[in-house]
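Novice: Got a structure for you, written out below as structure tokens; questions coming shortly.
The values are calculated or read from the model by the stated rules, or taken from the named source; none is laboratory data. Source: prediction; values computed, not measured. No Cβ is skipped: glycine too gets one built from the backbone with ideal geometry, and neighbour counts run over all protein chains shown. We work out accessible area using only protein heavy atoms, side chains counted, and drop any ligands, DNA or RNA first. Shrake-Rupley method; radii C 1.70, N 1.55, O 1.52, S 1.80 Å.
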Amino acid sequence: MSASSRSRDRIDVHCHLIPDFYRRDLAAHGITEIGGVPVPLWSPDLAVNFMSRYGIQTQVVSVSEPGVTYTSPTAPACWL
């Protein structure tokens, strides 16, 4: 059965959100890899295309590693 013929009833419970501003800030702090892998590109279009390809209806997203723990303890993380 091809991905396009599957029903769209899947829920992806492990999905990471890496918007451009976050990716740029990671790079500004010298972080260009996550778990030894280059920080992947992410966009709403890429996410929707992935979901369509694999018959996913819903994604539960979280910010990718390292979260906001790479920032200085005195820097406000809320602007991220």
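Novice: Let me check something: with ligands and nucleic acids excluded, how do 10, 24 order by accessible area (1.4 Å probe), largest to smallest? Could you put the intermediate results ahead of the total?
Specialist: On the way: 10 105, 24 150 Å².
The ordering from most to least exposed comes out as 24, 10.
Novice: At what distance in nm do the modelled label points of residue 52 and residue 21 sit from each other, each positioned 7 Å from its Cα along Cα→Cβ?
Specialist: 2.7
Novice: At a probe radius of 1.4 Å, what is the per-residue accessible area of residue 62, in Å² to the nearest 10?
Specialist: Probe radius 1.4 Å; accessible area of residue 62 about 50 Å².
Novice: Using modelled backbone amide H atoms (1.01 Å from N, in-plane), which distant-in-sequence or interchain residues come within less than 5 Å of residue 64's amide H?
Specialist: Under 5 Å from the amide H of residue 64: 17.
Novice: Could you tell me the accessible area of residue 32 in Å² (1.4 Å probe, neighbours in place), rounded to the nearest ten?
Specialist: Counting only protein heavy atoms, residue 32 exposes about 90 Å² to solvent.
Novice: For a quick check: with amide H placed at 1.01 Å from N, whose amide H comes under 5 Å from residue 55's, ignoring anything fewer than 5 positions away on the same chain?
Specialist: Answer set, sorted by chain and number: none.
Novice: Something else now. Please report the carbon-and-sulfur percent of the accessible area for segment 17-56; probe 1.4 Å, protein heavy atoms only, DNA, RNA and ligands left out.
Specialist: Carbon plus sulfur share of accessible area: 63 percent.
Novice: Turning to a different aspect of this structure: Rounded to the nearest 10 Å², what accessible area does residue 70 show when all protein chains are kept and the probe is 1.4 Å?
Specialist: Roll a 1.4 Å probe over it and residue 70 shows about 40 Å².
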